[in-house]
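What follows is a single structure, written as C-alpha cells, with notes after it.
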Amino acid sequence: MSSQTREQWQSHRGFLLAAVGSAVGLGDIWRFPYVAGENGGGAFLLVYLLIVLLIGVPLLLGEFALGRRMQSESATAVARLLPSSRWRHAGVIGVIAAGLILAYYAVIAGWVFRYAARYLSSSAPALASGGFAASFEAYVSRPLEPLAWQLLGMVLTTAVIAKGVEKGIEKVSLWLMPVLALLLIGLAVHSATLPGFGQGLAFLFQPDWSLLAGPGLYVAAMGQAFFSIGLAMGVMVTYGSYQPATRPLPAATVAIALADTLFGVIAGLAIFPAVFSFGLDPAQGTGLIFVVLPQVFAQMPGGGLLGATFFLLLAIAALTSMVSLLEVPVAYAIQRWGWSRQHASLRLGALLFVLGIPASLGFGTWAGLPLPGERNLLDAMDFFAVELLLPINGILLAVLLGWLWPRREALQAADLLDNRLGQIWHFCLRYLVPVLLVVVLASSVSRA
C-alpha cells in the first residue's frame, strides 16, 4: 500500500485513545498488579517508573517517529530506513513478537471473557464450588471450553481489524477507552472505602529498599514496561505510520506513557486494598485476578455487581490490546504481499488462534511437558517473548534509531530538531537504552 493511499487516524484524539488502548490492556489491569505483588509493591513501582522514563518514553517516541516518517509498519519501515544494510530485516522481529504475544494473550483473554460472562449472568457463585483456586485450575485444564472462549476473543479482534483503522480500531477505541477509565476509577474509589485501603497504599507506595538489590526486580519491571506500553512489538511503529505529519509527537508520547502508568497504578489501588481487607496474599501471581479477587468479591456486599464491573472492564482492556497486536502482522501482510485488509485479518487471525492452542492445552492435556524452569507452555511463551525477544528487539531499535538513522533526520522526524530535549532523547537512544537493555537481557538469559 503506498503512502498516498495509506489509512490515517481521523483525529488526534483517536490516535491517542487507540495508542493508550493498545498500552492499557491486560498488561495494566491483570499483569501489573500481580507482577507488582510478586516484587514488593513500592520497590517495583519505583523501578518501573524509572524504566518508563529512561527507556520507555525515548523508545516510544522513536517508534512513533520511525513509523510516521516511513509511512510503514515496523518491518517495512526499517527496510526503507536502511535499504542496503544487513540491518534491513531487523524490523521483522517486531512482527514476530506481536504475533507470538497475541497467540498466548488470547488464551488469557478467553479466561477473562468467561469470568465476565459468569458475573454478568449472575452465575459467579458456582466459581466457589470446591474452592476458587480449584475451580480455576479445573477450568483451565479442560481441553475444549477455554479454546471456545479464546476463539471468541480472536473473532472479535479479527472483526475490528477487518474494519480498518478509522472504522475499526479508532472507532472502537473512542467508545471503549472512556468506559474503561470510568469503570477502573469507580472500582478504585470503592476500594478507598475498604478497611485495607491504608495497607494497600503502603504496599504500593512505600518501597522496601532492600529489594532493590535483587536483579530480578529490574527484569520484572523492564518486562512489564515493554509488555504494558507495547514497546518493541511493532505496534507503536505501525500506529505512528497512521499519524499525519502535521500532528506533533513528543507531547502525545508523554501523554500515552503517563496514561498507561496511571492505569496500572489505579488498577493497583483498586485491587490491593481489597486483597488486604480480607487478609489475602498480594503475591499470588497470575491467580491474583482469577482466584483471589473472586474470593474477595464473594465476601463483599454487592460483590456480584463489583465482580461483573471488574471483569467487564478487564474484557474491554483485553480486546483493545488484542486489536493492536493483530494490526501489526496484518499491516505487514498488506504492505509486504498486497493482501486486502479483510483477507489478511482472517488468515492471520486464524493462524494466531491455532498457534495459541498449545498455550491453552499446556494447563491440561500437555501439562506434563518438560520445559526449562518448570514453566507451563504459556509461561514459556511469555518468558521467550517478553524477557528475551522484546529486549533484543529493543536493543536493535535503539541502535537503528540512535546510530544508523542520521541524527538530524531522526530529530526532525521526532519533532525535536533544534530542541534541547532532542539532545537528551538522542543521547538516551544511543547510550542509556541499549546499555540498560543489555544488562536486563543478560539477567534474563541467566534465568532461562
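None of the figures in this text is laboratory data; all of them are computed from the coordinates on show. Fair warning: this is a prediction, and the values are worked out from it, not measured in the lab. So basically every Cβ, Gly included, is an ideal-geometry build from the backbone, and we count neighbours across all protein chains shown.
Model label sites at residue 354 and residue 442, defined 7 Å from Cα along the beta-carbon direction, differ in position by 4.2 nm. Charged neighbours of residue 261, selected by a Cβ distance under 15 Å, balance to -1 (K, R count +1; D, E count -1). Remark: relative contact order (the range 43-142) = 12 percent; criterion is Cα-Cα distance under 8 angstrom and separation of 6 or more residues. With the simple spin-label model, which puts each label point 7 Å out from Cα in the Cβ direction, the residue 123 to residue 409 separation comes to 5.8 nm.
Using the Stokes-Einstein relation with a Kirkwood hydrodynamic radius computed over Cα pairs, the translational diffusion coefficient of the range 28-160 at 25 °C and a viscosity of 0.890 mPa s comes to 133 µm²/s. Relative to the longest principal axis of the Cα atoms of the chain, the long axis of helix 57-70 lies at roughly 50 degrees. Using the rule -39500 (n - 2.57) for each DSSP H run of four or more residues, divided by the residues of the chain, the 222 nm mean residue ellipticity is -21500 deg cm²/dmol. Simple spin-label estimate for residue 10 and residue 189 gives 3.1 nm between the two label positions (7 Å along the Cα-to-Cβ direction from each Cα). Extension gain, residue 420-residue 213: 0.36 nm per intervening residue step, less the Cα-Cα distance, totals 71.1 nm. In degrees from 0 to 90, rounded to the nearest 10, what is the angle of the helix 250-277 Cα long axis to the longest principal axis of the chain? Taking Cα atoms only, the helix is inclined about 10 degrees.
3J(HN,Hα) along the range 413-426, derived from phi through the Karplus expression 6.51 cos²θ - 1.76 cosθ + 1.60 where θ = phi - 60°, amounts to 5, 8, 6, 10, 5, 6, 10, 4, 4, x, 5, 5, 4, 5 Hz, with x in place of Gly and Pro. The phi-based Karplus calculation (6.51 cos²θ - 1.76 cosθ + 1.60; θ = phi - 60°) puts the 3J(HN,Hα) values of the range 16-22 at 4, 5, 5, 5, 5, x, 5 Hz, whole numbers, x for Gly and Pro.
Cα centroid distance between the range 232-275 and the range 317-378, in Å? Cα centroid of the range 232-275 versus Cα centroid of the range 317-378: 23 Å apart. Against the empirical curve 2.2 N^0.38 Å, the C-alpha radius of gyration of the range 311-448 lands at a ratio of 1.37. Per-residue packing, averaged as other Cβ atoms within 10 Å, sorts the ranges 243-252, 267-276 into the order 267-276, 243-252, beginning with the highest.
The angle separating the long axis of helix 171-191 from the principal Cα axis of greatest extent in the chain is about 40 degrees. Using the Karplus relation 6.51 cos²θ - 1.76 cosθ + 1.60 with θ = phi - 60°, the per-residue 3J(HN,Hα) values for the range 27-35 come to x, 8, 8, 9, 7, 4, x, 6, 5 Hz, with x marking Gly and Pro. When the Cα atoms of the range 99-228 are aligned to their principal axes, the ranges along those axes come out at 48, 42, 33 Å in descending order.
With 0.36 nm allotted per residue and the present C-alpha distance subtracted, the residue 254-residue 343 stretch has 28.5 nm of extension available. What relative contact order, as a whole-number percentage, does the chain give when Cα pairs under 8 Å and 6 or more residues apart are counted? Once normalised by length, the contact order is 34 percent. Across the range 216-346, the fraction of Cα-Cα pairs farther apart than 18 Å, rounded to a whole number, is 67%.
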